[in-house]
């Protein structure tokens, strides 16, 4: 859903007023205080297949759902399947087993779930994690002078569109699937703010971080999946990318069309965008910096 629908939902539902609530609506996951410095992190995510192989679909959907816990600096503890499936069992075993393998890889436990019958397959996870108060990451802490680090290359929407249109090579398809299957688990210190880059693209998620922190994010590098630029030249842009540009494009100071397309490209199981004091303490690619000034995004590459 676009931001206008989410804004309507946020305005409709009364805010939670409870001293235990640390992070509510508007960040990557909800966070509740348990006591003794421990925080519970809770999230849910699911979507329809974006690849043909059911095992890849299950693994990607699971990695994507777990990412929201990692984006808060947390460690996944338990997961529950969220499943909509049509008649028949074709592909179901592969989806569920691959999803469970990723949960186990994350060090978490799959402890149940809920399923309903529907015309289109949908799969994902509800995930609960833990984090300490001192290790919690949110959107709000980016500081001028921080480096911006991205943990995965961009272009999943563009490359997946190229695959569907038979314009991408087998190597490009393998690269995008490997990237989407990869967990965002990492050891990092000195992280002041974080978010994961998913459906709203780098454009929307970076804007959320800039707005929440009251800073300007300046980018000078965009790490790309193989063939992203070539596929853009072939017209492989997504409807979601066009919506992201319409919703968030006014916040980005960048002139070149390909740059704007990459910023707006919706990512599935994308990387973490981190605002860090010392990029040498984080696994990823430095793609920019944080500056003082009015909230906004700029491209200087």
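Of the residues in region 103-139, how many are closer than 23 Å to residue 49 by Cα and touching a residue at least 40 places away in the same chain (Cβ under 8 Å)?
Matching residues across region 103-139 total 11.
Which ones in region 35-49 are touching a helix residue (DSSP H, G or I) at 6+ places or on another chain (Cβ under 9 Å), crowded, with 16+ Cβ neighbours inside 10 Å and farther than 30 Å from residue 173 by Cβ?
Within region 35-49, 39, 41, 42 qualify.
Taking region 17-33 as the search range and keeping residues that are more than 16 Å from the chain's Cα centre (by Cα) and touching a residue at least 24 places away in the same chain (Cβ under 8 Å), which one is surrounded by the fewest Cβ atoms within 10 Å (Cβ to Cβ)?
Top of the filtered list is 33.
Residues in region 226-248: is at least one buried (at least 22 other Cβ atoms within 10 Å of the Cβ) and either assigned to a strand (DSSP E or B) or at positive phi (or both)?
Yes - at least one qualifying residue is present in region 226-248.
Which of (1) touching a strand residue (DSSP E or B) at 6+ places or on another chain (Cβ under 7 Å); (2) part of a helix (DSSP H, G or I); (3) surrounded by 23 or more Cβ atoms within 10 Å (Cβ to Cβ) is the odd one out, the single condition residue 259 does not satisfy?
(3)
Does residue 170 satisfy the criteria of being assigned by TED's automatic domain parsing to the domain that holds residue 252, more than 18 Å from the chain's Cα centre (by Cα) and at pLDDT 95 or above?
So residue 170 fits the description; yes.
In this structure, is residue 145 touching a strand residue (DSSP E or B) at 6+ places or on another chain (Cβ under 9 Å), under 27 Å from residue 263 (Cβ atoms) and either at pLDDT below 95 or surrounded by fewer than 21 Cβ atoms within 10 Å (Cβ to Cβ) (or both)?
yes
I need the helices (runs of 4 or more DSSP H) fully contained in region 134-223, keeping only those with at least 2 residues that are within 29 Å of residue 32 (Cβ to Cβ).
Answer list for region 134-223: 201-213.
Find the residue count for region 7-23, including only residues that are closer than 18 Å to residue 138 by Cβ and modelled with pLDDT of 80 or more.
Number satisfying all stated conditions: 7.
Provide a single number: the residues in region 8-34 that are closer than 17 Å to residue 75 by Cα and out of contact with any helix residue (DSSP H, G or I) (no Cβ under 6 Å at 6 or more places or on another chain).
Total meeting the criteria: 8.
Given the residues 147, 108, which is the only one that is in contact with a helix residue (DSSP H, G or I) (Cβ under 8 Å, 6 or more places away or on another chain) and more than 15 Å from residue 81 (Cα to Cα)?
147
Of everything in region 119-132, what is modelled with pLDDT of 95 or more and either over 26 Å from residue 178 (Cα atoms) or in a strand (DSSP E or B) (or both)? Give them in sequence order.
Those that are modelled with pLDDT of 95 or more and either over 26 Å from residue 178 (Cα atoms) or in a strand (DSSP E or B) (or both): 122, 123, 124, 125, 126, 127, 128, 129, 130, 131, 132.
Could you list, in sequence order, the residues of region 88-104 that are crowded, with 17+ Cβ neighbours inside 10 Å and within 22 Å of the chain's Cα centre (by Cα)?
Residues satisfying the conditions are 95, 96, 98, 99, 100, 102, 103.
A quick yes/no check of all residues on (1) closer than 18 Å to residue 156 by Cβ; (2) buried (at least 18 other Cβ atoms within 10 Å of the Cβ); (3) not assigned by TED's automatic domain parsing to the domain that holds residue 122:
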position	(1), (2), (3)
11	no, no, no
14	no, no, no
51	yes, yes, no
69	no, yes, no
77	no, no, no
86	no, no, no
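The values are calculated or read from the model by the stated rules, or taken from the named source; none is laboratory data. Only a predicted model underlies this, so the values are computations on that prediction, with no experimental measurement involved. Cβ sites come from the backbone with ideal geometry, for glycine too, and all protein chains shown count toward neighbours.
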